[in-house]
Amino acid sequence: MTGGLATPKSRVLPIWKFDVEAVRKDFPILGTVVHDKPLVYLDNAATSQKPLQVISALNQYYLTTNANIHRGVHHLSQKATTEYEAARDQVRAFLNARSTKEIVFVRGATEAINLVAQSFARPRFKAGDEILITHMEHHANIVPWQILRDQIGIVLRVAPINDNGELILEEFEKLITDKTKLVAVTQVSNALGTIVPVKQIIEMARSRSIPVLIDGCQAVPHIPVDVQSLDCDFYVFSGHKIFGPTGTGVLYGKEALLDSMPPYQGGGDMISSVTFEKTTYNELPYKFEAGTPHIAGGIGLAAALEYVSRIGLTQIADYEHELLEYATSVLEEIPRVRIIGNARPKASVISFVVEGLHPHDIGTILDHEGIAIRTGHHCAQPVMQRFDIPATSRASFAFYNRPDEADALAAGLRRAIEVLG
Amino acid sequence: MSDLRELYQEVILDHNKKPRNCGRLETANRMAEGFNPLCGDRITLYLKMNGDVIEDVSFEGKGCAISTASASLMTSAIKGKTIPEAETLFDSFHGLVTGHDCPVDAVTHIGKLAVFGGVREFPARVKCATLAWHTLKSALEGKIDAVTTE
Ligand SMILES: Cc1ncc(COP(=O)(O)O)c(C=O)c1O
């Protein structure tokens, strides 16, 4: 598959073992033409594309199965319920959770974190209790805690990162005190690509009996995850970043914790009996799933997880790592380009600035070359403040990206420098 | 490529590299802040009003090429103008960059600002081009809160 690559003379290319052309066939959208150029989709950290397997699962659901779940005796309702619950089991297996009671379907990581803030933290924390996060969290793992701070007066502590974008573990450990009631950290930074040593963090916290929430949004598409071996208390991710439908997501929580928590929202499906005097809540996980869920979405998500599991997350991680190294070396050759975030290890995310050019202008010019990247603060404004920049350009790679797309990005950047001066 | 050059015309690139009327205006008696949450661009606009006349104007802030050049060219264009004249320019400029029922040729009296005609082909960039103008409007109306383009 190295054939046809525009290979600069000086570079020795790795031998690509991964059959990227085979997987690209599963993603018809990658054949899109943008401004007369082939699409180069490098905005996977914002959302990933969906394979035919997922699209067809959604289609099949609506073509053959659509009905409401958990409440009908008729054939379609039973079929929909069975498929939705099978999807839940697929998620359970993907995370290696003990039980499907620990798998709550939600709208996305954002909703999952808000659920934990309101149902886990709010009833049991008091003013002065501390929640420890890091400087590289997505706004979704900052703002729900600030809302909680305004509600009950908890204190938000932020562990610093170094100039490479790595969490400073000693500082993190120092910030764990008697008052720390929850640790909530991302496993992979969406803005910097940093892979955080969550296993170590979880050990630090658990040895002091502090519960831990892991934001796995950017991790699950790239790294195999096992919640039992991690031993975290909560793990959240969004379906759309792992090749599944938007509006789907997962909250994993240890059964005992979920059991002890009050419901997040009230409505249908989350109850076992309702009178005007008293309502008893449904068992786990339904207690947290008020209202009709995104049934097709859950089934589509399961198809996505099955898809990545079939390719193999280890294979994916290895290939993406080679892509990352290659793309990094190609970008580093361009004068005025500075990569923001050089953590080791790192996921296939490259944030960068070009001296004298604004990311927004770079984004427009790359778009004209058919190249989709993200420009801005990536919903991680504190990261931008840490590096004293208003915004970055970010190229994020998935396993369906090719090395020549990194070359296209580099050519586009040279073009941007030429146009903008 | 041609419409990229339409967007990034020489005049725009020049005003981006060497923005005019850039810096704090010590004699200002009106001020407003503008913010484009999409790209994080911020601008502070200073006006020295003499009755109805914009006697002097400057801006501070760093943004993309389009928003910086727009602030630079706007400040040049409105200096010495009355409030109604500036408002008319605002409307013409808005028509120019959004293209709502408004062929480029129909936008008259706009002088150098016509270099922003290419923006209409880039809907994602309209907010960059109009940030300075929205900030001007809020300064003229004497609003204190930061305006956003959202
Ligand atoms: C690390 C991280 N956490 C949380 C989120 C929020 O995900 P969603 O918007 O799907 O709820 C994102 C999405 O960008 C993310 O990258």
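The values are calculated or read from the model by the stated rules, or taken from the named source; none is laboratory data. The model shown is predicted, which means the values in this text are computed figures rather than measured ones. Cβ sites come from the backbone with ideal geometry, for glycine too, and all protein chains shown count toward neighbours. What goes into the accessible areas is simple: the full protein's heavy atoms, side chains included, and nothing from ligands, DNA or RNA. Shrake-Rupley method; radii C 1.70, N 1.55, O 1.52, S 1.80 Å.
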Next item on the list: With a 1.4 Å probe and every protein chain kept in, tell me what percent of the accessible surface of region B:2-148 is carbon plus sulfur.
Entry: 52 percent
Check: What's the local net charge at B:Gly61, with K and R +1, D and E -1, over the other residues with C-beta under 15 Å away?
Finding: +2
Next item on the list: May I ask you to list the trypsin sites (Lys or Arg not before Pro) in region A:224-300 that are in a DSSP loop and have at most 16 other Cβ atoms within 10 Å of their Cβ?
Entry: A:Lys278
Checklist line | 11 Å beta-carbon shell around A:His70, net charge (K/R +1, D/E -1) | finding: -2
Notebook entry, point to check: What is the gain in length, in nm to one decimal, between A:Glu85 and A:Asn68 on full extension, counting 0.36 nm per residue of separation less the C-alpha to C-alpha distance?
Noted result: 4.8 nm
Check: Among all helices in chain A defined by DSSP H, which have a length of 20 Å or more along the axis from Cα atoms plus a Kyte-Doolittle mean of at least -1.0?
Finding: A:75-95, A:295-311, A:313-332, A:403-420
Next item on the list: Rounded to the nearest 100 Å², what's the accessible area chains A and B bury against each other, both chains counted, probe 1.4 Å?
Entry: 1500 Å²
Check: Mind checking the log10 I(q)/I(0) for region A:124-207 at q = 0.16, 0.20 Å⁻¹? Debye, one equal scatterer per Cα, no solvent, two decimals.
Finding: -0.59, -0.90
Check: With a ≥ b ≥ c the root eigenvalues of the C-alpha gyration tensor of the protein assembly as shown, is it rounded (a/c under 1.5), prolate (a/b larger than b/c) or oblate?
Finding: prolate
Next item on the list: May I ask what percent, to the nearest 5, of DSSP beta bridges between residues of the protein assembly as shown are antiparallel?
Entry: 65 percent
Notebook entry, point to check: Ranked from the most accessible area to the least, with a 1.4 Å probe and all protein chains present, what is the order of B:Met31, A:Met261?
Noted result: B:Met31, A:Met261
Check: Which value in Å is the Kirkwood Rh of region A:54-310 over different Cα pairs?
Finding: 18.8 Å
Next item on the list: Round to a whole angstrom and tell me the spacing of the C-alpha centers of region A:138-187 and region A:196-233.
Entry: 14 Å
Check: So what is the calculated 222 nm ellipticity per residue for chain A, using -39500 (n - 2.57) for each DSSP H run with n of 4 or more, over all residues, to the nearest 500 deg cm²/dmol?
Finding: -10500 deg cm²/dmol
Margin query: How much accessible area per residue does the protein assembly as shown have, counting only protein heavy atoms and a probe of 1.4 Å, in square angstrom?
Written below: 41 Å²
Check: Simple spin-label model, 7 Å along Cα-to-Cβ: A:Arg414 to A:Trp16 in nm?
Finding: 1.9 nm
Next item on the list: Translational diffusion coefficient, Stokes-Einstein: compute it for chain B using the Kirkwood radius over C-alpha pairs as Rh, at 20 °C and 1.002 mPa s, and state it as an integer in µm² s⁻¹.
Entry: 142 µm²/s
Next item on the list: Could you tell me which GluC sites (Glu not before Pro) in region A:254-341 are loop residues by DSSP with no more than 15 other beta carbons within 10 angstrom of their beta carbon?
Entry: A:Glu277, A:Glu283, A:Glu333
Margin query: For region A:327-344 and region B:9-35, what is the centre-to-centre distance using only Cα atoms, to the nearest Å?
Written below: 32 Å
